[in-house]
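Laboratory data are not the source of any read-out in this text; all were calculated from the coordinates shown. Quantities reported herein were computed from a predicted structural model and do not represent experimental measurements. Note that we place each Cβ from the backbone using ideal geometry, even for glycine, and neighbour counts take in every protein chain shown.
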Amino acid sequence: MKINVVLVEPEIPQNTGNIARTCAAIGAKLHLVRPLGFEISEKQVKRAGLDYWDKVEIEEHDSFSKFLDKYKPEEHNMYFVTTKGKNVYSDIDVSDMDEVFVLFGKETKGLPEDVLKKYIDKTMRIPMRETLRSLNLSNSVAIVAYDLFRQADFEGLERISKYFD
């Protein structure tokens, strides 16, 4: 299964670096939708992503509307991750899909309300205590992305460590 992680207007360079590292580890494509709250060349982004930047496929988009024009939600298996989501992420069955897009909004505001309302049946959330606002963006991406790969039986990922061989 091909996973596309889409960050819509990310603001914190360390989060994006950590997400790039997660994408490299699982072979997911990373989409960065402008405007970004930083420059990709910033030291914090590079430090968080360590030496994995050359191991992740990145596609940049000038705006969210241009991303949606190119990858139409009606034509792709696309899910919008939000605290306002209708479905729990682990209840979404992607086991028979060849490609999946998971979209995450900016740290301070999330994804645009009009998009969430339009695609409410394609929204997902990570359960948490009612009194909390949200999880860290990079943690949220890791939780959802690894669950998608779990459904595909971690296809293409090393399941057994060669450490003791």
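Subtracting the Cα-Cα distance of MET97 and LYS2 from 0.36 nm times their residue separation leaves 33.3 nm of extension gain.
If the chain between ASP51 and SER90 were fully stretched, how many nm would it gain, using 0.36 nm times the residue separation less the Cα-Cα distance? Walk me through the intermediate numbers first.
Details: separation 39, 0.36 × 39 = 14.04 nm, distance 3.07 nm.
Answer, rounded to one decimal: 11.0 nm.
Computed from backbone phi with θ = phi - 60° and the Karplus coefficients 6.51, -1.76 and 1.60, the 3J(HN,Hα) list for region 118-124 is 5, 10, 4, 6, 9, 9, 9 Hz; x is used for glycine and proline. As a calculated quantity, the FRET efficiency between ASP121 and GLU155 at R0 = 30 Å, using C-beta atoms, amounts to about 0.70. Here's how it looks for LYS2: its modeled amide H is under 5 Å from those of GLU99, VAL100, which are all 5 or more places away or on a different chain. Between the amide H of MET124 and those of PHE80, VAL81, THR82, LYS86, ASN87, distances stay under 5 Å, these residues lying 5 or more places away or on another chain, with hydrogens modeled in the peptide plane. Spacing of the modelled spin labels on GLU39 and LEU135, each 7 Å from Cα toward Cβ, amounts to 3.3 nm. Within the straight-line cut-off of under 20 Å between alpha carbons, the aspartates and glutamates reachable from LYS55 are GLU39, GLU42, GLU99, GLU155, GLU158, sequence neighbours fewer than 8 places apart in one chain being disregarded.
Treat the count of other C-beta atoms within 10 Å as a stand-in for reagent exposure and order THR16, THR108 from fewest to most. Numbers along the way, then the final one.
Details: THR16 26, THR108 10.
In increasing order of surrounding Cβ atoms, one gets THR108, THR16.
For region 58-165, the dipole from Cβ point charges (+1 on Lys and Arg, -1 on Asp and Glu) about the Cα centre works out to 660 debye, to the nearest 20. A DSSP coil position with no more than 11 other Cβ atoms inside 10 Å describes the following GluC sites (Glu not before Pro) in region 71-125: GLU74, GLU75.
Take every DSSP beta bridge whose two residues both sit in region 53-165; close to 10 percent of them are antiparallel. Put +1 on the Cβ of every Lys and Arg and -1 on every Asp and Glu Cβ in the chain; which of HIS31, VAL88, ALA152 then has its Cα farthest towards the positive end of the dipole? Checking the options against the dipole of the chain, the answer is VAL88.
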